[in-house]
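Worksheet: one structure, shown below.
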Amino acid sequence: MRLPNKINRFNDSVISKFTVVLGALENGDMMVLELYNATRNDTDDVGDFLEVLDCLYALGRIEYNTETRLLHYVS
């Protein structure tokens, strides 16, 4: 996971992608693939995208509904 430090700038870190993903989810619940396609231009690769989802889930900012398979933004 790339965090901001002396070597990695904030814009290159995973944390900088939080607002992109949360902004897309503010419009409504999405499937993981839909969210990836909506944010593909702003995330470096699939690995970074999954790290962003892991962090946001751990922080309690998103939830995953296993029945509907949708990601939900927790405000």
* Using just the helices of the chain, give the 222 nm mean residue ellipticity in deg cm²/dmol: DSSP H runs with n ≥ 4 each add -39,500 (n - 2.57), and the total is spread over all residues, rounded to 500. => -11500 deg cm²/dmol
* Asked: For the stretch 23-32, what does the Karplus curve 6.51 cos²θ - 1.76 cosθ + 1.60, with θ = phi - 60°, yield as ³J(HN,Hα) per residue in whole Hz, taken in order and with x for Gly and Pro?
  -> x, 5, 7, 5, 6, x, 5, 9, 6, 4
* Asked: Of all accessible surface on the chain at a 1.4 Å probe, what whole percent is carbon and sulfur?
  -> 51
* Asked: Using the Karplus equation 6.51 cos²θ - 1.76 cosθ + 1.60 (θ = phi - 60°), what ³J(HN,Hα) coupling, rounded to whole Hz, does each residue of the stretch 49-66 give in order, writing x for Gly and Pro?
  -> 4, 5, 5, 4, 4, 4, 5, 5, 5, 5, 7, x, 8, 9, 10, 10, 8, 6
* Asked: So what is the accessible area of the chain per residue, in Å², with the probe set to 1.4 Å?
  -> 68
* What is the set of long-range amide H partners of residue 62 at a cut-off below 5 Å, with H atoms built 1.01 Å from backbone N? -> 57, 74
* To do: Report residue 66's accessible area, 1.4 Å probe, all protein chains in place, as a number in Å² to the nearest 10.
  => 110
* Pull up all non-local amide H partners of residue 70: gap of 5 or more, or a different chain, and H-to-H distance under 5 Å with H placed in the peptide plane. => 65
* Structure fact -> Taking R0 as 22 Å and r as the Cβ-Cβ distance between residue 12 and residue 64, the FRET efficiency 1/(1 + (r/R0)^6), rounded to the nearest 0.05, comes to 0.25
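The values are calculated or read from the model by the stated rules, or taken from the named source; none is laboratory data. As the structure is a prediction and not an experimental result, all values here were calculated from the model. Glycine gets a Cβ as well: all are built from the backbone with ideal geometry, and neighbour counts include every protein chain shown. Note: areas computed on protein heavy atoms with side chains; ligands, DNA, RNA excluded. Shrake-Rupley method; radii C 1.70, N 1.55, O 1.52, S 1.80 Å.
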